[in-house]
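*Asks:* Could you have a look at this structure, given as structure tokens, before my questions?
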Amino acid sequence: MLPYGIVRYHGAQADLRDIPLGTVMHVRAFLPPDPKISAVPVLPVDNREKTAGYSGAGIEPAENHVLLLEDEPSHCLREGRVWKLKELEIKNNEGMIIASCEPKAGEDSKASEEKLTFDAATRIWRGRESLMVSDLITEGVWPASGKKSLGGQAVLLGITWKPTPDGIFTRFHISDIWLDETATQRAAQIQTEVHKAFIRSRWMPAWVDAVEYGKFGRATVTATLFGGMDASLYADFQKDSQVLMNGAENTLKHAGGNYGPAHMASKGAILDVTKAAGDVPLGSSGIQIQFETDLVIEGIRAARVVRVRPASWPQVQVPREEYLGDGNFSHEDRFPTPAIFPKY
């Protein structure tokens, strides 16, 4: 995942840790810029065309530098598409739904129909209600058993992988169904609040554009805030307000300081905030801040990744697993090898 890569879940900003294992994701990714120094495994360029057993082709693409990662409802919302439910077959609170993913406005005659599984654990969202399959059966919306036409009902689906019947290895499974606009907006609002709390506690990531060094440790730092965040987070970066800036790795883990990001952070006032005109590249907010500090740290250099916290955000301590200290530690300090156990 590129440090400025964007993750979206339930139609809102997210962090990788928000995505449940097994969730089907849409990815925009690129080949390694320089395979010789790639930090991740390099595969043949045509690897996505190769077949991997019963799973089919495309499960191991060579494009491994991810810029955009989004779940099914986020992808549909961005593309203006919905799932249209055609037919239901159910028995013992589980079964199959036949549906096609089509443009929200109008029909797509070329859209192929999919058979998707669901079960008693599938969550159904209607307005502000959280329902189960058994609730729809009790209401008479779905039958207890047998088939029913759903007439092309437009919904959003959460899709995951799950072992499936009939000798099919890669059939989609429905984890969630959003029946209306209120339910969709509610899911996005909840995820937005989750992400806002996350960024305020882990600080806003940014890219250092330039550093002008002064005397006795003084410096003026120009940095561009990464994109994909809620507008209210960017609004907290105001001219003349105080901020703290600390170095980070390309994984966005804090670096520098032995008990959290505030330990060695450079402090200072924002001299200026500018917003780029027109379209900005995916991954960038287009918002550039310039701040002056009287003690710049090593981790703040041009082309480096940093994290920034307005002084108005709460100062909290992050778990030890989330920062790298001052760089003098081995990875085995946090992830010991079996050598730590005594030999008898």
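The values are calculated or read from the model by the stated rules, or taken from the named source; none is laboratory data. Every value quoted in this text rests on a predicted model; they were computed, and no experiment measured them. Cβ sites come from the backbone with ideal geometry, for glycine too, and all protein chains shown count toward neighbours. Side chains are part of the model used for accessible areas, which takes the heavy atoms of the whole protein and leaves out ligands, DNA and RNA. Shrake-Rupley method; radii C 1.70, N 1.55, O 1.52, S 1.80 Å.
*Asks:* Tell me which residues, restricted to the range 131-159, are buried (at least 18 other Cβ atoms within 10 Å of the Cβ) and within 23 Å of residue 75 (Cα to Cα). Break it down into steps so the answer makes sense when it comes.
*Replies:* In the first step, residues of the range 131-159 are kept if they are buried (at least 18 other Cβ atoms within 10 Å of the Cβ); the result is 131, 133, 136, 142, 155-159.
Those that are buried (at least 18 other Cβ atoms within 10 Å of the Cβ) and within 23 Å of residue 75 (Cα to Cα): 155, 156, 157, 158, 159.
*Asks:* Note down all Cβ pairs under 6 Å where the first residue falls in the range 18-36 and is in a helix (DSSP H, G or I), the second is open to solvent by 50 Å² or more (accessible area, probe 1.4 Å), and they're at least six residues apart or on different chains.
*Replies:* Short answer, once both residue conditions are applied: 35/42.
*Asks:* For residue 253, are the conditions met, namely being open to solvent by 20 Å² or more (accessible area, probe 1.4 Å) and free of Cβ contacts under 8 Å to residues at least 12 places away in the same chain? Give the steps one after another, and end with the answer.
*Replies:* Details: open to solvent by 20 Å² or more (accessible area, probe 1.4 Å): yes; free of Cβ contacts under 8 Å to residues at least 12 places away in the same chain: no.
When the stated conditions are applied, residue 253 does not pass them.
*Asks:* Just the residues that are farther than 19 Å from residue 177 by Cβ and either part of a strand (DSSP E or B) or open to solvent by less than 70 Å² (accessible area, probe 1.4 Å) (or both), please, taken from the range 104-115.
*Replies:* Within the range 104-115, 106, 108 qualify.
*Asks:* Is there a residue being surrounded by 21 or more Cβ atoms within 10 Å (Cβ to Cβ) and part of a strand (DSSP E or B) anywhere in the range 269-284?
*Replies:* No, the conditions are met nowhere in the range 269-284.
*Asks:* Looking at 57, 29, 39, which is the one that is within 21 Å of residue 9 (Cβ to Cβ) and either modelled with pLDDT under 95 or open to solvent by 60 Å² or more (accessible area, probe 1.4 Å) (or both)? Reasoning before the result, please.
*Replies:* Numbers: 57 fails: within 21 Å of residue 9 (Cβ to Cβ); 39 fails: within 21 Å of residue 9 (Cβ to Cβ).
Step by step, each of 57, 29, 39 is checked, and only 29 is within 21 Å of residue 9 (Cβ to Cβ) and either modelled with pLDDT under 95 or open to solvent by 60 Å² or more (accessible area, probe 1.4 Å) (or both).
*Asks:* A follow-up question, please. In this structure, does residue 233 turn out to be open to solvent by less than 10 Å² (accessible area, probe 1.4 Å), over 16 Å from residue 298 (Cα atoms), out of contact with any Lys or Arg (no Cβ under 9 Å at 6 or more places or on another chain) and touching a residue at least 12 places away in the same chain (Cβ under 8 Å)? Lay out the reasoning, then the answer.
*Replies:* Values: open to solvent by less than 10 Å² (accessible area, probe 1.4 Å): yes; over 16 Å from residue 298 (Cα atoms): yes; out of contact with any Lys or Arg (no Cβ under 9 Å at 6 or more places or on another chain): no; touching a residue at least 12 places away in the same chain (Cβ under 8 Å): yes.
Against the criterion (open to solvent by less than 10 Å² (accessible area, probe 1.4 Å), over 16 Å from residue 298 (Cα atoms), out of contact with any Lys or Arg (no Cβ under 9 Å at 6 or more places or on another chain) and touching a residue at least 12 places away in the same chain (Cβ under 8 Å)), residue 233 does not qualify.
*Asks:* Consider the range 181-230. How many of its residues are more than 21 Å from residue 73 (Cα to Cα) and either outside any strand (DSSP E or B) or touching a Lys or Arg at 6+ places or on another chain (Cβ under 9 Å) (or both)?
*Replies:* Total satisfying the criteria: 18.
*Asks:* Consider only pairs whose beta carbons are under 7 Å apart and that are at least six residues apart or on different chains; among these, list those whose first residue lies in the range 125-140 and is at negative phi and whose second residue is of a type in the set (D, E, K, R) and open to solvent by less than 40 Å² (accessible area, probe 1.4 Å).
*Replies:* Here the result reads 125/176, each pair linking the range 125-140 to a residue that is of a type in the set (D, E, K, R) and open to solvent by less than 40 Å² (accessible area, probe 1.4 Å).
*Asks:* Being within 18 Å of residue 169 (Cβ to Cβ), assigned to a loop (DSSP other than H, G, I, E, B) and over 22 Å from the mean Cα position of the chain (by Cα) is the filter here, so list the residues in the range 37-64 that pass it.
*Replies:* Matches in the range 37-64: 50, 52, 56.
*Asks:* Using beta carbons and a limit of 8 Å, which pairs, at least six apart or on different chains, have the first residue in the range 90-116 and in contact (Cβ under 8 Å) with a residue 24 or more places away in the chain and the second one outside any strand (DSSP E or B) and surrounded by 18 or more Cβ atoms within 10 Å (Cβ to Cβ)?
*Replies:* 90/133; 90/142; 93/133; 94/133; 101/76
*Asks:* Follow-up. Cβ-Cβ distance below 6 Å, separation of 6 or more or different chains: which pairs start in the range 159-187 with a residue that is more than 13 Å from residue 127 (Cβ to Cβ) and end on one that is modelled with pLDDT under 95 and open to solvent by 80 Å² or more (accessible area, probe 1.4 Å)?
*Replies:* Final answer for the pair search is 169/54; 173/162.
*Asks:* Please work out which residue is farthest from residue 101 (Cα to Cα), limiting yourself to the range 125-170 and to residues that are among the hydrophobic types (A, V, I, L, M, F, W, C), at pLDDT 95 or above and assigned to a strand (DSSP E or B). Give the derivation first.
*Replies:* Kept after step one, since they are among the hydrophobic types (A, V, I, L, M, F, W, C), are these residues of the range 125-170: 125, 131-133, 136-137, 141-142, 144, 150, 154-157, 159, 161, 168-169.
Among the residues that remain, those that are also at pLDDT 95 or above are: 125, 131-133, 136-137, 141-142, 144, 150, 154-157, 159.
If we keep only those that are assigned to a strand (DSSP E or B) as well, we get 125, 131, 150, 154-157, 159.
Values: 125: 19, 131: 23, 150: 15, 154: 9, 155: 10, 156: 9, 157: 10, 159: 12 Å.
My answer is 131.
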